[in-house]
């Protein structure tokens, strides 16, 4: 057995939406994202209920590294959802916590990236935390637009 700690980095961001968390949380679902994320594509592997749930599995395609497998590793309705996303070079954990605040909801997003090999380490070292901040802003904009309909 060999043991080695690979390269890891983590970033977090926040968004605030005017709706209560029980209206937002159901949208954090690979099936529901077709409704509000432009260009969203995934293949459902297992969702017994047909929507996001504990231990649900789906895949997406990464243009650089091929298929990403996603597992819903934590699911507490209206409060917390966690996704583990992996491919051949890295693992990403997305933690999303929702709280009600100021007649709306605050979402705290944390992304933890871990390299699986030297190629993954090079990829992670080339990532820009500003790109994560921009991703959170885009998601907030899309959610706001969808929820305003």
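The table for this structure:
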item	result
The lone exception for residue 64 - which of (1) assigned to a loop (DSSP other than H, G, I, E, B); (2) touching a strand residue (DSSP E or B) at 6+ places or on another chain (Cβ under 8 Å) it fails	(2)
Complete set of residues in the stretch 125-134 that are in a helix (DSSP H, G or I), in contact (Cβ under 8 Å) with a residue 60 or more places away in the chain and under 23 Å from residue 81 (Cβ atoms)	129, 132, 133
Residues satisfying the stated conditions in the stretch 86-98, i.e. touching a residue at least 24 places away in the same chain (Cβ under 8 Å) and either closer than 17 Å to residue 53 by Cβ or touching a helix residue (DSSP H, G or I) at 6+ places or on another chain (Cβ under 7 Å) (or both)	89, 90, 96, 98
Failed item, numbered, when residue 87 is tested on (1) over 13 Å from residue 113 (Cβ atoms); (2) crowded, with 17+ Cβ neighbours inside 10 Å	(1)
Filter result (surrounded by fewer than 17 Cβ atoms within 10 Å (Cβ to Cβ), within 20 Å of residue 72 (Cβ to Cβ), touching a helix residue (DSSP H, G or I) at 6+ places or on another chain (Cβ under 9 Å) and in contact (Cβ under 8 Å) with a residue 24 or more places away in the chain) within the stretch 9-49	12, 23, 35, 36, 42
Single residue of 5, 78 found to be more than 25 Å from residue 134 (Cβ to Cβ), free of Cβ contacts under 8 Å to residues at least 60 places away in the same chain, in contact with a helix residue (DSSP H, G or I) (Cβ under 7 Å, 6 or more places away or on another chain) and in a loop (DSSP other than H, G, I, E, B)	78
Residue match in the stretch 30-45 (condition: farther than 22 Å from residue 142 by Cβ, modelled with pLDDT of 95 or more, in contact with a strand residue (DSSP E or B) (Cβ under 8 Å, 6 or more places away or on another chain) and part of a loop (DSSP other than H, G, I, E, B))	no
The stretch 90-121, subset in contact with a strand residue (DSSP E or B) (Cβ under 8 Å, 6 or more places away or on another chain) and not in a strand (DSSP E or B), residue surrounded by the most Cβ atoms within 10 Å (Cβ to Cβ)	120
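Here's the yes/no breakdown for (1) closer than 19 Å to residue 22 by Cβ; (2) under 16 Å from the mean Cα position of the chain (by Cα):
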{"site": "85", "(1), (2)": "no, yes"}
{"site": "96", "(1), (2)": "yes, yes"}
{"site": "111", "(1), (2)": "no, yes"}
{"site": "116", "(1), (2)": "no, no"}
{"site": "122", "(1), (2)": "no, no"}
{"site": "132", "(1), (2)": "no, yes"}
{"site": "137", "(1), (2)": "no, yes"}
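The values are calculated or read from the model by the stated rules, or taken from the named source; none is laboratory data. Because the structure is predicted, anything quoted here is derived from the model rather than measured. Cβ sites come from the backbone with ideal geometry, for glycine too, and all protein chains shown count toward neighbours.
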